[in-house]
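Enquirer: Before I ask anything, here is the structure I am working with.
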Amino acid sequence: MTCPGSRPRHAGLGGVLLAAGGGERLGQPKQLLEIDGEPLVRRAAANMQRLCGAAVIVVTGAYADRVEMCLRELSVTVIRNPHWRRGLGGSLVSGLAASSADAVLVMVCDQAALEVSDLQRLVDAWTKTANHPAAASYAGVLGVPAIIPRKWFGALGALDGDSGAREFLRNHRKIVNSVSMPNAAADIDQPADLESA
């Protein structure tokens with residue numbers, strides 16, 4: 001069921017939310033930070049569910065029990081990455097391997113300024129050429145949120161460490177549908193970022 005004026009969820013689109021990090025630079029788990037009383041991980045997962053008709057997969061690692069507690073009222077699939085300390089590349093590979101969707105919306109949970117309208121514009125760009133990736137463009141880079149069609153999952157299969165979707169998108173820039181998304185530039189990595197968020 002959709003709200004009046006909203007668009008239906010895309011049946012072939014799933015999600016992979018990367019929420020396994022330890023928040024070392026921040027000094028606390030960023031997944032659990034709250035905006036208006038809602039943990040960032042729950043906010044991101046709920047926004048993904050508004051657009052994804054296929055399963056939304058949340059990859060946890062550090063603070064897994066606490067992070068998963070925030071998701072208990074959502075219909076998401078949780079998988080744990082026991083090697084989360086190696087970086088987000090392994091978490092992305094784990095999430096893609098668990099998805100049966102035609103394409104996945106890849107997100108991290110610390111881009112606190114993102115709205116559903118930003119993600120909808122990304123979906124709109126992807127549906128125009130569904131075999132090509134679509135990615136947010138901000139601060140001079142292509143990055144997440146991004147939509148990766150299944151035909152490209154194999155190209156991401158060798159990722160490890162901190163090599164994530166951004167490296168893949170940079171290497172395939174010529175075929176990526178770029179969507180200007182200034183809100184994606186505001187992420188929370190350092191204590192100073194908390195105040196602006």
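Enquirer: What FRET efficiency do you get for residue 9 and residue 129 if R0 is 22 Å and r is their Cβ-Cβ distance, rounded to the nearest 0.05?
Expert: 0.65
Enquirer: Quick one: accessible surface of residue 178, probe radius 1.4 Å, all protein chains present, in square angstrom to the nearest 10.
Expert: Roughly 70 Å² of residue 178 is accessible to a 1.4 Å probe.
Enquirer: Given a 1.4 Å probe and every protein chain left where it sits, what share in percent of the accessible area of the chain is carbon and sulfur?
Expert: Within the chain, the accessible surface is 49 percent carbon and sulfur.
Enquirer: Residue 153: accessible area at probe 1.4 Å, nearest 10 Å²?
Expert: 20
Enquirer: Counting only residues 5 or more places away or on other chains, whose amide H sits under 5 Å from the amide H of residue 130 once H atoms are built in the peptide plane?
Expert: HN-HN under 5 Å from residue 130: empty list.
Enquirer: Further question: Which order do peptides 135-147, 118-130 fall in by mean Cβ count within 10 Å, highest first?
Expert: Highest-to-lowest ranking by the protection proxy: 135-147, 118-130.
Enquirer: Between residue 16 and residues 5 or more places away or on another chain, which pairs have amide H atoms under 5 Å apart, with H built 1.01 Å from N, and which residues are they?
Expert: 57, 105, 106, 107
Enquirer: Also, I was wondering about something else. So what's the back-of-envelope 222 nm ellipticity for the chain, counting only DSSP H runs of four-plus at -39500 (n - 2.57) apiece and dividing by all residues, rounded to 500?
Expert: Result for the chain: -8000 deg cm²/dmol, rounded to the nearest 500.
Enquirer: Shifting gears a bit: DSSP loop trypsin sites (Lys or Arg not before Pro) in the range 37-86 with at most 12 other Cβ atoms within 10 Å of their Cβ, which ones?
Expert: Hits after loop and neighbour filter: 72.
Enquirer: Check cross-link reach from residue 174 to the lysines: straight Cα distance under 27 Å, and skip same-chain residues fewer than eight apart.
Expert: 128, 151
Enquirer: Show me the three semi-axes of the equivalent ellipsoid for the chain, from the C-alpha gyration tensor (sqrt of 5 times each eigenvalue), largest first, rounded to whole Å.
Expert: That gives 22, 19, 17 Å for the three semi-axes.
Enquirer: List the residues, sorted by chain then number, that are 5 or more residues from residue 78 or on another chain and whose placed amide H is less than 5 Å from its amide H.
Expert: 58
Enquirer: Enter the accessible area per residue of the chain (Å², integer; probe 1.4 Å; all protein chains in place).
Expert: Value returned for the chain: 49 Å² of accessible area per residue.
The values are calculated or read from the model by the stated rules, or taken from the named source; none is laboratory data. Everything numeric here is computed off the predicted structure, so don't read it as measured data. Positions of Cβ are backbone-derived with ideal geometry, glycine not excepted, and every protein chain shown enters the neighbour counts. Remember, those area values only see protein heavy atoms, side chains included, never the ligands or the DNA or RNA. Shrake-Rupley method; radii C 1.70, N 1.55, O 1.52, S 1.80 Å.
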